[in-house]
Amino acid sequence: MAINENEIAALVQQVLKEMTGKEPASAPSASYSAPSGGGDIPKNATVAMMTKLQHFELQQYPIPELGDDDILVRVEGCGICGTDAHEYKNDPFSLIPVVLGHEGTGEIVKMGKNVKKDSAGKPLNIGDKVVTCMIFKDDPDITMFDLNKQNVGGADVYGLLPDDDVHLNGWYSDYILVRGGSTIFNVSDLDLDSRILIEPCAVLIHAVERAKTTNILRFNSRVVVQGCGPIGLICIAVLRTMGIENIVAVDGNEQRLAFAKRMGANETVNFMNHKGIDALAGAVKDAFGGYLADFAFQCTGSPVAHANIYKFIRNGGGLCELGFFINGGDATINPHFDLCSKEITLVGSWVYTLRDYATTFDFLKRAQAIGLPIKELITHRFPLDQMNEALETNLAQKGLKIAYVRKDLI
Ligand SMILES: [Zn+2]
């Protein structure tokens, strides 16, 4: 006997009606997995192509036929990264013409027949919300668990790929073609803002994992976080979700320091109010009630800030330096006074591993559950036809996190 899903749904509705005497509020789902608002797939995708320095141009390209391992994603949004701002300003990676955007997320609207699971083993279906992380161009068999200790820095990433004849290579677009062998995660249980923040948050999950290897960071540690841009603010939030409560934030901007308090810092120090490093170190000590920090996170890109931070740390303390995503120049320290005689344990941190990426999804849920205003990090949202304005806003250092968000979702 052949009976299709529609007939089953009608039968169930009939039975429910007889049981309750009224129409069910909505049709019971008989294992439908229809796209939630993906709509019809257009012939062409629109990308924001960076055609020259500081210039994006909307261009249309046909959405190609999907290979058996490919996934077509309708883009919902994408964060603007410092890396994008560098590329926009100077093209240091020589990528022009390029479709930028690597902190993106969207909804699966079409999949090749071989696609069943994401990189963590979670099922993938039409309508699922996803993020990408990197592309295993050279080794398609690698899995996230093999990459547990391997930093993904230097890997190929959507949004930092040279243009090719597909063109749908970056998230500053309305559709992206995720090709077989790419890392993709099903993050349907996170809202759009959280999904846009995954990539920068993964940087901090990794940094704190690196910090933990020193064995100095404990629940009751006194921790100083220097720099309250998005990275420093997320750092405070990650520490808070771990149960570390004695946090002092250092920055030169009162607004950012106020936000740092809402993220979980219990004291703040504005370095503008203190002349010279000794006075500043004294202020940090006062903020901890007369003690130096057990551990410090350096979250600015300033070499002077790197040199200063040793003065905030007690003998035998630890430091995680994560502020230099790119070359910011040389810092001058005194190895005897700053490092050796104090027996400081120093770790550097850069990018993240795939495992850290997956850990980040849980961090975002925990941060929201304890009421941290993580989503307020996104201060500006621009549609695709205003990518030039979006990047200019980033370069002008206005707000915190700037994002491209699809027009109907802003
Ligand atoms: Zn980024």
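The table for this structure:
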read-out	value
Matching option when the condition is assigned to a loop (DSSP other than H, G, I, E, B), away from the ligand (no atom under 16 Å from the Cβ), surrounded by fewer than 14 Cβ atoms within 10 Å (Cβ to Cβ) and at pLDDT below 50, among Ala27, Ala2	Ala2
Residues that are at pLDDT below 95 and over 23 Å from Gly112 (Cβ atoms), drawn from region 34-78	none
Search result, residues across region 101-128 that are in a loop (DSSP other than H, G, I, E, B), away from the ligand (no atom under 16 Å from the Cβ) and not aliphatic (A, V, I, L, M)	Gly112, Lys113, Asn114, Lys116, Asp118, Ser119, Gly121, Lys122, Asn125, Gly127, Asp128
Residue match in region 325-337 (condition: modelled with pLDDT under 95, outside the structural domain of Val131 (by TED's automatic domain parsing) and under 19 Å from the mean Cα position of the chain (by Cα))	yes
Residue match in region 144-154 (condition: within 23 Å of Tyr61 (Cβ to Cβ) and in contact with a strand residue (DSSP E or B) (Cβ under 7 Å, 6 or more places away or on another chain))	no
From the options Lys398, Lys365, residue that is part of a helix (DSSP H, G or I) and not assigned by TED's automatic domain parsing to the domain that holds Cys235	Lys365
Meets criteria (buried (at least 23 other Cβ atoms within 10 Å of the Cβ), at positive phi and within 16 Å of the ligand (Cβ to nearest atom)) for Gly79	no
Of the criteria (1) surrounded by fewer than 24 Cβ atoms within 10 Å (Cβ to Cβ); (2) more than 24 Å from Asp362 (Cβ to Cβ), which one Gly227 fails	(1)
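Okay, residues lined up against (1) of a type in the set (Val, Ile, Thr); (2) in the same structural domain as Gln298 (by TED's automatic domain parsing); (3) away from the ligand (no atom under 16 Å from the Cβ):
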residue	(1), (2), (3)
Gly181	no, no, yes
Leu233	no, yes, no
Ile236	yes, yes, yes
Arg256	no, yes, yes
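The values are calculated or read from the model by the stated rules, or taken from the named source; none is laboratory data. Small disclaimer: the values here were computed from a predicted structure and weren't measured. A quick note on method: Cβ atoms are made from the backbone with ideal geometry, for glycine too, and the neighbour counts reach across all protein chains shown.
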